[in-house]
Amino acid sequence: MPSFDYDLFVIGAGSGGVRAARLASTLAKKRVAIAEEQEIGGTCVIRGCVPKKLLVYGSEFALAFKDAERFGWSVTSTCFDWVTLRNEVQKEVARLSGIYQQNLLKAGVDVFESRATLVDRNTVRLLSTGSTYSAKHILIATGSRTLVPSMTPGYELGIASSDAFQLAKLPESIVIVGGGYIACEFASIFNGLGVHTTLVCRSDRVLRGFDRDVREQLQSDLQRLGISVVSEAVVESVRPLVGGRRKIAVSNGTSLEADHLLWAIGRRPNTEGLGLDHVGVTLRDKAVVVDDFSRTNISSISAIGDVTDRLNLTPVAIREATAFVATELLNKPSAFDHSEVASAVFSQPAVGAVGLTEEEARAKGHRLKIFSTKFLPMKHVVAGNEQRVLMKLIVDAGDDRVLGVHIVGAEAPELIQLAAIAVKARLQKSQWDLTCAVHPTAAEELVLLSEPTLSDAVA
Ligand code: FAD
C-alpha cells in the first residue's frame, strides 16, 4: 500500500470544495487539504449568489418607495449612494469568507492559499511554493468563470459580473450582453439603481430553457420597468470612446453607447492549465466528464460543481460534495439526483421554477393539463403597481402528477422552494387541491387553481 500525504486533496475552496473538505475531515475522519487561488468561499460567496442578492435588495427600494405613496407615505426625496452599498456588500462578503476559512481550520483541514495543478493521478503541485503533495483521492472543484467572446473585436473592453461588484462609481448607462439568469438579474439591479440599461440577447426572449410563458412575462416586465431589450442580436464589435465610454455595434445594424458593457453570455468550466490533459482526465467542451458518482475516468480523481457543467448551482455543488464523500470515503455509494431541482432568478420581478416546462413535458410525450393564472396581487392593486403575478402548473393529464411549477412575481424564489417539495414528492394535483389556502396571500392561488386553462385529450 503506498502511503500518501493526504487521504483527500481538494482543488478549489468554493461551494462544493469546502463542503467536501469539511465532511471528509469531520465525518470520515480523513487527512484533508484544500487549495484556493483566490478568496475562500468561491464564486457564490465572493462574486455570485451572495453579493448579487445583496445588490438585488439594494435595487428594490426604488419601486418600494413608489409603492409606498398610496399607502400614505410621502417619500419626498431619495438619494442613492453606490459606494455605500458596494462597501457594505464587500464587508459582508469578507465576513463570510472569514467564516468559511475558520470552519475549514476548525475541521482540521490544511488550507493552502495557492493555485494548484495536477502532477499525476495522485500528486498535486502548489504554484506558490512549488511543493508537491500526494493524495489517495483528488477532488477537482475549481468552478467556472465568465465566458467572453474572444473573437469579437474589442471584447476586452467589456467587464464580467465579478467586476460589477467592484465598480468605482455607478455608471449612467450599461449594456448587458446575454439573456440568461445572470444577465436578467444584473439588468434588474442596474435598472433599479437608476442606470439606463440595455439588454442584448441572442434569442427572441430572455431565459432560454425556462417555460415560454415565464420568458414572455419576464421580458415584457423588464421592458415595462424601463430596460431596453434588443433581442435576436449579438454584439459585433466594441470600441472605446472618449471619457471611457464604449460604442457597441450590434448585428441588427444599430449601435449603442454606454459607460460599461457587461458580458453575461455564459460560463466556462475552470479546467485550463490544471494538468488534466496531461494526467488523461476526459473533458467535454472544457468540462470534466464524470459518472453519476462524480468519478472521472481516472479512479483516484473525482470532480464536482460547475467544473463538471451539470447543473451549475450552489446547492447542487454542495449535494454533489456530500455524495462524493459518502461514495469515496464512507463506502456508501451515493449519487445526487439532478432531476426536479428548483431554481430562481432574482430579477425584478423574480422567477421560480421547478420540474418540467410545458415544452419539455410535451417533448417527453406527456398529455397535459395546464393550470395558469395571471393576477394583480392585493398590494399592487392599492399601490397602483401594474406588476402581475404568473403561476403555472404543468400536470400530467393521465396520472394527475404535477410535473412542473413556474412562478413570476416578487416572492417566486421563496414560493418555489416549497412547491419543489411537492413536485419532488411526485404529488398529484388532487393533493394540491386538498391543501387549504392561506389567506390573504398570493401563494394561495397555487392551491386554488381549479379549472385547467388548457387540457389535452387523454387517449
Ligand atoms: P466555485 O464556487 O466557483 O469555487 C471554485 C473555486 O476554485 C474558486 O474559488 C476558484 O478560485 C478556485 N480555483 C479554480 N482553479 C483553481 C486552482 N487551479 N487552484 C486553486 N483554486 C482554484 N447559484 C445559485 O445556486 N444561486 C444563485 O443565486 C447564484 N447566483 C450566481 C450569480 C453569479 C453572478 C454567478 C457567477 C454565479 C451564481 N450562482 C448561483 C452559481 C454558483 O455560484 C455556482 O454554481 C457555485 O459557486 C459552484 O460552486 P463550485 O464549488 O463548483 O465552484
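Summary table below
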item: Among the residues listed as Phe65, Phe112, the single one being at negative phi and either away from the ligand (no atom under 11 Å from the Cβ) or among the polar types (S, T, N, Q) (or both); result: Phe65
item: Residue tally, condition in contact (Cβ under 8 Å) with a residue 40 or more places away in the chain, open to solvent by 40 Å² or more (accessible area, probe 1.4 Å) and within 14 Å of the ligand (Cβ to nearest atom), over the range 128-148; result: 4
item: Breaking point among (1) touching a Lys or Arg at 6+ places or on another chain (Cβ under 8 Å); (2) under 14 Å from Val238 (Cβ atoms); (3) open to solvent by 20 Å² or more (accessible area, probe 1.4 Å), for Ser162; result: (2)
item: Per-region count, the range 1-30, residues outside any helix (DSSP H, G or I), more than 16 Å from the ligand (Cβ to nearest atom) and out of contact with any Phe, Trp or Tyr (no Cβ under 6 Å at 6 or more places or on another chain); result: 9
item: Lone qualifier among Ala264, Ala287 - being open to solvent by less than 30 Å² (accessible area, probe 1.4 Å), touching a Pro at 6+ places or on another chain (Cβ under 7 Å) and within 15 Å of the ligand (Cβ to nearest atom); result: Ala287
item: Top-ranked residue in the range 165-196 [being within 16 Å of the ligand (Cβ to nearest atom) and among the hydroxyl-bearing types (Ser, Thr, Tyr); ranked as nearest to Glu232 (Cα to Cα)]; result: Tyr181
item: Test for Arg224: is it touching a Leu at 6+ places or on another chain (Cβ under 8 Å) and either open to solvent by 50 Å² or more (accessible area, probe 1.4 Å) or at pLDDT below 95 (or both); result: no
item: Where Met151 falls short, out of the listed (1) more than 13 Å from the ligand (Cβ to nearest atom); (2) assigned to a strand (DSSP E or B); result: (2)
item: In the range 384-421, the residues that are more than 19 Å from Leu222 (Cβ to Cβ), out of contact with any Leu (no Cβ under 8 Å at 6 or more places or on another chain) and crowded, with 17+ Cβ neighbours inside 10 Å; result: Ile416, Ala420
item: Residue list for the range 422-442, restricted to those being assigned to a helix (DSSP H, G or I) and either exposed (fewer than 15 other Cβ atoms within 10 Å of the Cβ) or in contact with an Asp or Glu (Cβ under 7 Å, 6 or more places away or on another chain) (or both); result: Val423, Lys424, Lys429, Ser430, Asp433, Leu434
item: Given (1) under 29 Å from Ala264 (Cα atoms); (2) hydrophobic (A, V, I, L, M, F, W, C); (3) out of contact with any strand residue (DSSP E or B) (no Cβ under 8 Å at 6 or more places or on another chain); (4) in a loop (DSSP other than H, G, I, E, B), number of the condition Val89 does not satisfy; result: (4)
item: Subset of the range 115-127 that is part of a loop (DSSP other than H, G, I, E, B) and more than 13 Å from the ligand (Cβ to nearest atom) - its residue that is most open to solvent (accessible area, probe 1.4 Å); result: Arg121
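The values are calculated or read from the model by the stated rules, or taken from the named source; none is laboratory data. Predicted model, so just to flag it, every value in this text is computed and none were measured. Heads up, the Cβs are rebuilt from the backbone with ideal geometry, glycines too, and the neighbour counts pull from every protein chain shown. Accessible surface areas use protein heavy atoms only, side chains included; no ligands, DNA or RNA. Shrake-Rupley method; radii C 1.70, N 1.55, O 1.52, S 1.80 Å.
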